[in-house]
1. Could you give the length gained by full extension between B:His438 and B:Val97, i.e. 0.36 nm per residue of separation minus their alpha carbon distance, to one decimal place?
2. Between region B:127-171 and region B:364-422, what's the alpha-carbon centroid distance in Å?
3. Just from the alpha-carbon atoms, what are the Rg and Dmax of the protein assembly as shown in angstroms?
4. Tell me the volume per residue, in Å³, of the convex hull enclosing the alpha carbons of region B:392-434.
5. With 5 Å bins from zero, work out the P(r) of region A:125-224 over every alpha carbon pair and list the percent per bin.
6. Compute the FRET efficiency between B:Thr5 and B:Glu49 as 1/(1 + (r/R0)^6), taking r as their Cβ-Cβ distance and R0 = 30 Å, and round to the nearest 0.05.
7. Can you sort B:Cys133, A:Cys53 by how many other beta carbons sit within 10 Å, fewest first?
8. For region A:358-399, just the Cα set please: Rg and Dmax, both in angstrom.
Number of protein chains: 2
Amino acid sequence: MSKKTIYDHIDEHFDEHVAKVQELIRQPSISSEGRGIRECAQLIQGYFEKLGCVDARLVETSGNPVAYGEYDAGAKKTVLVYMMYDTMPVDEPGWIVPPLEGRIVDMAPFGKTLVARGAVNTKGEIRAFLNACESIRSSGQELPVNLIFVAEGEEEMGSRNLPEFLGKYQEKLKRANVVFFPLVAQNQNGKVIVELGVKGIVYFELELDGKDWSKGPTEFGIHGSNKSWVDSPVWRMIQALATMTSEDGNQVLIEGFYDDVVPPPTEDEELLKKLQQTFDEEAIKMELKVKKFINDLHGVEALKRYLYSPQLNIDGIWAGYTGPGTKTLLPHKVTLKMDVRLVPNMSKEKPIPLIRRHLDKHGFGEVKIRILEKGYDWAKTSVRTPAAQAVLRTYREFGFDPEVWPNIAGSAPFSMFNRAPLNLPFVMGGLGHGARAHSPNEYLVIGEGGPTAGLPGMEKSFVSILYNLAEM
Amino acid sequence: MSKKTIYDHIDEHFDEHVAKVQELIRQPSISSEGRGIRECAQLIQGYFEKLGCVDARLVETSGNPVAYGEYDAGAKKTVLVYMMYDTMPVDEPGWIVPPLEGRIVDMAPFGKTLVARGAVNTKGEIRAFLNACESIRSSGQELPVNLIFVAEGEEEMGSRNLPEFLGKYQEKLKRANVVFFPLVAQNQNGKVIVELGVKGIVYFELELDGKDWSKGPTEFGIHGSNKSWVDSPVWRMIQALATMTSEDGNQVLIEGFYDDVVPPPTEDEELLKKLQQTFDEEAIKMELKVKKFINDLHGVEALKRYLYSPQLNIDGIWAGYTGPGTKTLLPHKVTLKMDVRLVPNMSKEKPIPLIRRHLDKHGFGEVKIRILEKGYDWAKTSVRTPAAQAVLRTYREFGFDPEVWPNIAGSAPFSMFNRAPLNLPFVMGGLGHGARAHSPNEYLVIGEGGPTAGLPGMEKSFVSILYNLAEM
């Protein structure tokens, strides 16, 4: 059997495959607004049926439904395909096209490019993966692996009900040998970037309210001149926060915060050595508009700091009068949004109790912690696993020498799959390029001929990945 | 000569006097929006002409015009009457009547009450004072003092161009023996409160921007996961702020901050002893919704802290993501609105350089200070001055035993009059009651018969004050 036949089929059906991507784009599925969610899940359930799944259904959860499908190829290996069908909202200014029409524009240097909400995150990949599977069958072949599809509708809300589904379906899901997340891996220059792990995250608010404190104003901000004889929740919070970090804000002083952090394993040290050769530090700084990394770190030292250190970040803070000009006010409360990022072997259950204990120990029992997202644990797949090797082999087949990142600083719900009860290796990837995932003019390259693969290249890479996973 | 004739005239012309107050209310004069300012100044200039001023004009400044008037009674003493004709905006929700119509409502326990923007702050008093002057003349008498009217239109913007006017007109203004600010002095129970001084104020912003720092994001907030390798302007600002106060946020640790503070003079100690007897601590706490003062101070100790200590207040703070739910962000800047209140003998020129020096000394040179209002100095009139005694005598004439506050914790532009070049004693007062100056449903009691004086009582008290000032 030659994959050539399948690849030719993909090339010959370009227009049809683009139209299928556009169809899925045009069905809104904005989870934070509850817009189009069920309709989108049903559309995807229909795709699973059309592909020939023996079981295709919507599974209800406490939140949005999961579109679930089982495809039985009579193969030895089973791949659990993780998908997210929900998207970010579309109401921010700056879109050059209507965000839900699936318009294809000519975007330099890529050529034909889909500009739409969900283009790359991740409706484009969902439909491209299904196009790839259909193309195998249309070329007269059977799929090389059995598939279990899990398409969730709450990734943009922290996958909050995914554990509920995974618990309920664990017996079925345990049959899988690997979890695969179709997600384009090329940067804008065409370089293929493989990311083998993610950090965990816990997201919460800190608040100091005079009502909880029995000091300061308790109900509303009062005239600023009262600071002379009334305590200030804002000053008090400043003092509480200041105990949490070193003077440069970079070392966390919460007792036990770093206790479970382990150094990068030898395997990662090797990957970092190689990564260092292609890691374009200046390009990243330019993109972030950052002049220096912490302590002016460079090269592998900067990478290690980025990938292997946990963090305590202030995402936002607000209190009192924040309008133009002057208004004197003694605010009655102050609130912060904060996140902790977790690296191996930290657990997402630990940071909140540690912060609570720190605050209490320093006499700041009045500071309240409000957990907004229980979050994800970190997750990591060894480059040595057959699953990772299968994906790398695909890139090499297409002539790429991938840049391998042992993990990234961002977070994703991979730990829900690669820990108990499923304990499945998790890999993601695919040729192709897109960007601006949470911004206006989100895009996915469709045409071939630019510096990156387009839709056909992406679909071919998915075909190849399935064949390589079959041989794990 | 008996004041009785004048008082009877006031009672007989109640409806007419109310209508005149309403006329002034209906002319908007919102300085922060530039709304109706010149028209209001012209209206007041017209009032000065109608009263019989020999000179009545608008004096241009770099900002809003001053309505200026000179009334020559051929008297020995000259009173400079300070007025502010500008008001706060009217766009906040919660008004029970349209804020610029001058509606009179029946408000328990006061009876007839004017509910309008500017009712008590201070168009009501402006027109009541003019009604009082007109009533003296209409009763066949000459005013007992010469008057110089200075009605400014930028009090709500920090009187920013008043010094310019005072400098230009100092030769004329120096002829005055005293400055009087007509302002009702009764609280809601009818108690008369005399306030002899104010604190000074400086208002500014502190900002830490990655652009100024050469660390952290410089142009926009970046994905929160970058905190691991990029510095945080917010954490850094927290550390800078924390060096400025004690752990409870109440003692300012900026070197030199308290250097010029002097203890209350003996005269004030005596006033405080008397004040303590009527000072209703629990009522104030209830109004402010505050359970405890700083260090749980009570009585005269609380009063001393309130009236004689300078403060460093955080009026507002903001950075990063402050919306609902979760968004991970490493903000590129953080901003605070802050004020320093000044007590004798601090100078408004000192705090900003001290804060600058403190920040630099602690290595926070990257924190920027942006002065929003150069502010006022503190001001104080001794209770022993003939001017203060003249006002106290009026209250006693009407049967009140006033509660005398040696000063208040708030700020007002009195220092512009009672320091060089004018060096004039400054007093304020009048019977009557109003409240909610910067809030919806600002009001001024108009009718008599409730716990406080209404418009006639207020006008009579102004008449009495003028006669008492004539005898200084």
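1. Details: separation 341, 0.36 × 341 = 122.76 nm, distance 1.57 nm.
Using 0.36 nm per residue and subtracting the Cα-Cα distance, I get 121.2 nm.
2. Centre-to-centre distance over Cα atoms comes out at 18 Å.
3. 36.2, 122
4. Details: hull volume 4.5 nm³, N = 43.
Normalising the Cα hull of region B:392-434 by residue number yields 104 Å³.
5. Bins of 5 Å from zero give 2, 8, 10, 13, 15, 12, 9, 6, 4, 5, 6, 4, 2, 2, 1, 0 percent of pairs.
6. Values: r = 25 Å, r/R0 = 0.83.
E(calc), rounded to 0.05, equals 0.75.
7. Working: B:Cys133 23, A:Cys53 19.
Ranking B:Cys133, A:Cys53 by Cβ neighbours within 10 Å, fewest first, gives A:Cys53, B:Cys133.
8. 22.0, 61
No lab work stands behind these numbers, since they all come straight from the coordinates. Everything numeric here is computed off the predicted structure, so don't read it as measured data. Every residue, glycine among them, receives a Cβ derived from its backbone with ideal geometry; neighbour counts consider all protein chains shown.
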